[in-house]
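First the structure, in the form of structure tokens, and then the observations on it.
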Amino acid sequence: MKIVLISGSPRKTGNTMYAMEACKKAIEEEGIEAEIISLAGKEIKSCIACYKCKEIPRCVLPDEANEIMDLLRQSEGLITGAPVYFGTARGDLMNLVQRIGMVSRGNDKFLSWMVGGPIAVGRRGGLSNTYQEMLMFYFINEMIVPGSDYWNIVFAGKEEGIAGEDVEGIENVEKFARNTAKLIKKINA
Ligand SMILES: Cc1cc2nc3c(=O)[nH]c(=O)nc-3n(C[C@H](O)[C@H](O)[C@H](O)COP(=O)(O)O)c2cc1C
């Protein structure tokens, strides 16, 4: 059993990655495999509405999205970490989940019953919006989102590595990650 975590930041070692690594550790402590994919250095294009994915079970755009979808087809969970940009999730991450959603919905519905959820990482404002924005992807694809003690938002600074100072935020997303792993174990028992 495996959970894929996507860090949607262009910064390899930024605050989103800090939150993803904390979640990965929590998942592994539950005995489930976890793999982080960073969008740093990747250019994920937006869906071009060609609907070709209804004919072939892949996206026609030549970037890393298909590789990520192949990995998701072999996984039980998906956690998406979004840096907050102007009160919403960073574009490349939304590009990716929208294309993943189109391929899944048009074909084998590989997202259906996957467990996971979004985490929003920002400096000051728009974190709840970003969390809610990302939830739209989860619920329209029949995915299952566990809760935690609070919503999945982590406060960070402009600098990298500040997310660790939001102790409550990190503890909350660690619990969410553990709950994701526990639910996957129950579903697959
Ligand atoms: C283009 C841009 C827009 C941003 N907009 C917001 C915002 O609306 N709200 C906020 O709280 N932080 C905003 N930030 C700050 C980032 O969310 C914050 O630095 C976060 O730690 C970035 O995650 P990272 O370290 O993983 O890259 C913005 C940063 C950038 C580069």
Where both residues lie in the chain, what percent of DSSP beta bridges are antiparallel, nearest 5? 10 percent
Per the chain, sqrt(5λ) over the Cα gyration tensor eigenvalues, sorted largest first, in Å, gives 25, 20, 14
Within the chain, pairs of Lys residues whose Cα atoms are less than 16 angstrom apart, provided they are eight or more positions apart or on distinct chains, add up to 16
Find how many whole Å separate the alpha carbon centroid of segment 17-70 from the alpha carbon centroid of segment 94-166. 12 Å
Could you size up the charge dipole of the chain around its Cα centre, putting +1 on the beta carbon of Lys and Arg and -1 on that of Asp and Glu, and report it in debye to the nearest 20? 500 debye
Extended-chain gain in nm, criterion 0.36 nm per residue less alpha-carbon gap, ARG11 and TRP113: 33.7 nm
Extension reserve of the ASN188-GLU168 stretch, reckoned as 0.36 nm per residue once the Cα distance is removed: 4.2 nm
Express in nm, to one decimal, how much length is gained between GLN74 and LYS2 on full extension, taking 0.36 nm for each residue of separation and deducting their alpha carbon distance. 25.2 nm
Principal axis dimensions, segment 4-48 - Cα atoms, whole angstrom, descending: 39, 22, 11
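Hey, what number do you get for the chain at 222 nm if only DSSP H runs of n ≥ 4 count, each worth -39500 (n - 2.57), divided across all residues, to the nearest 500?
Roughly -13000 deg cm²/dmol at 222 nm, from the helical runs in the chain.
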For segment 2-184, what is the accessible area per residue in Å², given a 1.4 Å probe and the full set of protein chains? 47 Å²
Report the semi-axes of the equivalent ellipsoid for segment 83-189 in whole Å, largest first, where each axis is √(5λ) for an eigenvalue λ of the Cα gyration tensor. 25, 19, 9
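The values are calculated or read from the model by the stated rules, or taken from the named source; none is laboratory data. Just so we're clear, the structure is a prediction, and the values are computed from it rather than from any experiment. Cβ sites come from the backbone with ideal geometry, for glycine too, and all protein chains shown count toward neighbours. Just the protein is used for accessible areas: all its heavy atoms, side chains included, with ligands, DNA and RNA removed. Shrake-Rupley method; radii C 1.70, N 1.55, O 1.52, S 1.80 Å.
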